[in-house]
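The values are calculated or read from the model by the stated rules, or taken from the named source; none is laboratory data. Since this is a predicted model, take the numbers as computed values, not measurements. Cβ coordinates were reconstructed from backbone atoms using ideal geometry, including for glycine residues, and neighbour counts include every protein chain displayed.
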Amino acid sequence: MRRRMDRPFLGSLGRTERAVLRELLVRGPLPRADLARRLGLSPASITKTARTLLSNGSITEISAPGSDSRGRPGTPVDMAVDAYHFVGVKITGDQAFAVRTNAAGAVLASTHRPLTDTAVEPVVSLIIQLVNELSRDHPVESVGIGMAGTMDRFDTQVRNNLYLGWQDVPLAGMVQERTGLATVISGDVRALTAGVHWAGPGRELEDFAVVTIGVGIGMGLVLGGETVAGVAGGVGRIAHTRVSDSGPACGRGHRGCAAAYLEAGPIVRAVAYAHARPQLDLEAVCELAAAGDPAALSVLEDTARALGIVLAGLVNVLGLPAVVLAGDGLCVLEHTRPVLDRALTEHLDPDADPPVVHFYASDFDEWARGAAVLACQWLLIDPPAEPVR
Ligand SMILES: [Zn+2]
């Protein structure tokens, strides 16, 4: 049994108990009175809920050093973040990355493997191997898996994954059945957004978009403190936004499409063509730009300009005060930030305030960490009807 038995399954706690834990995770330690006010609970209700959570070890009291303030109403309580662990998995087109985190999203163990075969059964076996490896030394509450494709925020099926060629694969059930651990699936950008929101630079933010740059471009959205997935998980399709009347065509033949400027493939091809060096990769392009190479800088300036236009559109439509740029391809903006800022300002509505733009470099462990935070969010927000034991 890989889950600790002396504490209840996180997803089986009552609605009020889960609300208290969510508030503590996102806000940090709070006195009971503040918790009650924030959650609209009566003093009697918060006292009862806190007593339950203290007795099962889900929260602890934080006493000031040297003082005996235990049990007083003003004593802050905090979630016992190390009591609950989660496994997050990120599947790319050719690799699997997995981490084990605590409830605060701190990575405690990590591992990764190449995908030698992208068919369903070998990938599922690999995921199970990684989950078993990471849950051997500590019990785990739930597993979150992030991968490309259109999926709900908390889903059971991989709807369509172009990189693996998967269509409607009931992945959550397959992993759950063979590990005994509650498992949830989400789009990888939405999983990354979970990590940004609860355990990253979005922690203090109520409204923001996460825009990722790498092999593909994607977007996650948080409004009013809630992740917005849209109907059938459709929010975030920004790749084929038109940013120019001319310019290169994307893989779908759209002229001046954001994908043609922002995805790693077209960027690398444009610089490789200019230098007649077919073996380039994105890292090499960024190194060329850092060394002042005119061809690389010119291509990356177009990238920055296209991104500025896309971000301005998001801010104009959604009124966002902040945008978090993430993904493994952020190096493309290292030397072209002024171009991005200029394009963003130029295309903003005259009445719109410029957003704060955060840079959050994210390797694939960071995406896996997001999937672990997603697994925690699932249990605290919309847990499975039948607890998995
Ligand atoms: Zn396109």
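For the range 106-207, the helices (runs of 4 or more DSSP H) that sit wholly inside it and include 3 or more residues that are at pLDDT 95 or above and more than 24 Å from L325 (Cβ to Cβ) are 120-135, 171-179. Does A258 qualify as being under 29 Å from the mean Cα position of the chain (by Cα), within 16 Å of the ligand (Cβ to nearest atom) and farther than 11 Å from V332 by Cα? Taking the combined requirement at face value, the residue satisfies it.
Candidates in the range 93-103 are the residues that are surrounded by fewer than 24 Cβ atoms within 10 Å (Cβ to Cβ) and touching a strand residue (DSSP E or B) at 6+ places or on another chain (Cβ under 8 Å); of these, the one that is farthest from R27 (Cα to Cα) is D94. Remark: pairs (first residue in the range 231-242, more than 19 Å from T303 (Cα to Cα); second residue in a loop (DSSP other than H, G, I, E, B) and more than 8 Å from the ligand (Cβ to nearest atom); Cβ separation under 6 Å; 6+ apart in sequence or on different chains) = G233/T150; G233/M151; G233/D152; V235/V228; V235/A229. Take the conditions (1) buried (at least 18 other Cβ atoms within 10 Å of the Cβ); (2) within 16 Å of the ligand (Cβ to nearest atom); (3) modelled with pLDDT under 95; G247 misses just one of them, which is (1). Entry remark, the range 197-213: residues being touching a residue at least 60 places away in the same chain (Cβ under 8 Å) and either touching a Pro at 6+ places or on another chain (Cβ under 7 Å) or acidic (D, E) (or both) number 1 in total. Here G292 fulfils each of the conditions (1) closer than 25 Å to V189 by Cβ; (2) out of contact with any His (no Cβ under 6 Å at 6 or more places or on another chain) apart from (1).
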